[in-house]
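Here's the structure, in structure tokens; my notes come after.
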Amino acid sequence: MSQLFVVHPENPQPRAMAQAAELLAKGGLVAVPTDSSYAVVARLDDKSAADALRRLRGLDERHHLTLLCRDLAEISHFAKVDNKQYRLLKMATPGPWTFILEATKEVPRRVSHPSRKTIGIRVPEQKVALALIEQAGSPLMSTTLIPDGSDEPLNDAEEILQRYAHQLAAVVDGGPCALTATTVIDLTGEAPQVLRLGAGDPATLGL
């Protein structure tokens, strides 16, 4: 059965976040609020976690998993970033954006796109998500928690707990999310390409 950790949305209790991170370290999947919706996260160095995330969501290997990072410095460790991309990322992070970038060798092949070798990267502003990344000590693989057959992500921790009680190690209840998707921008081409328009306004980045 999943554990439930109820935390303050702005100042999540360190003990609860440490317990959730410990479950991640043991190979568990954890649901956590983000800027856009609840997401399921796992440790990047867990060999079976990427498969487990995709099974829970009913996704194939071509679906981008997203790395939740703490800051811009961490992004450059896991994605190839040139000077132009760096300036754009510096304007945008942290915030409601997901960027598609070329993955470095630090990203396991099971996580990146199988043919393009790309990865989704995100630095959330949401305090609970950031606290969990901090406690884990490294970026976390993530995917939006959308039930199979639905188009809408889940936004209620109790519902998530009931629905996925035997698939998640824990649910971190930080209250409801905004339910506005991130804006997704592909930075792997000659010019940035907006793949999905969401909470982030491309005009603020000059796009």
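Only the coordinates and a few stated rules stand behind these numbers; no lab work does. What you are looking at is a predicted structure, and each value in this text was computed from that prediction instead of being measured. Cβ atoms come from the backbone with ideal geometry, glycine included; neighbour counts cover every protein chain shown.
Given the chain, what count of lysine pairs have C-alpha atoms under 20 Å apart, with each pair 8 or more places apart or on different chains?
Values: K26/K47; K47/K105; K47/K117; K80/K90; K80/K105; K80/K117; K90/K127; K105/K117.
Summing the qualifying lysine pairs gives 8.
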Next item on the list: With 10 Å bins from zero, work out the P(r) of the chain over every alpha carbon pair and list the percent per bin.
Entry: 9, 38, 38, 14, 1
Checklist line | Local net charge near S37, Cβ-Cβ under 15 Å (Lys/Arg +1, Asp/Glu -1) | finding: -3
Notebook entry, point to check: With a sphere of radius 13 Å drawn around the Cβ of S2, what net charge do the other residues whose Cβ falls strictly inside it have (Lys, Arg +1; Asp, Glu -1)?
Noted result: -2
Note to self: Between segment 66-121 and segment 20-51, what is the separation of their alpha carbon centroids in Å?
What the structure shows: 18
Note to self: Quick check on the chain: helices-only [θ] at 222 nm, where DSSP H runs of length 4 and up contribute -39,500 (n - 2.57) each and the sum goes over total residues. Nearest 500, please.
What the structure shows: -7500 deg cm²/dmol
Checklist line | Formal net charge of residues neighbouring G206 (Cβ-Cβ distance under 12 Å; K, R +1; D, E -1) | finding: +1
Checklist line | Highest to lowest packing among 198-204, 73-79, scored as the average C-beta count within 10 Å | finding: 73-79, 198-204
Notebook entry, point to check: Of T180, Q126, L23, which is farthest along the charge dipole of the chain in the positive direction, counting Lys and Arg as +1 and Asp and Glu as -1 at C-beta?
Noted result: L23
Check: Placing +1 at every Lys and Arg Cβ and -1 at every Asp and Glu Cβ, with all other atoms neutral, what dipole size does segment 3-205 have around its Cα centre, in debye to the nearest 20?
Finding: 680
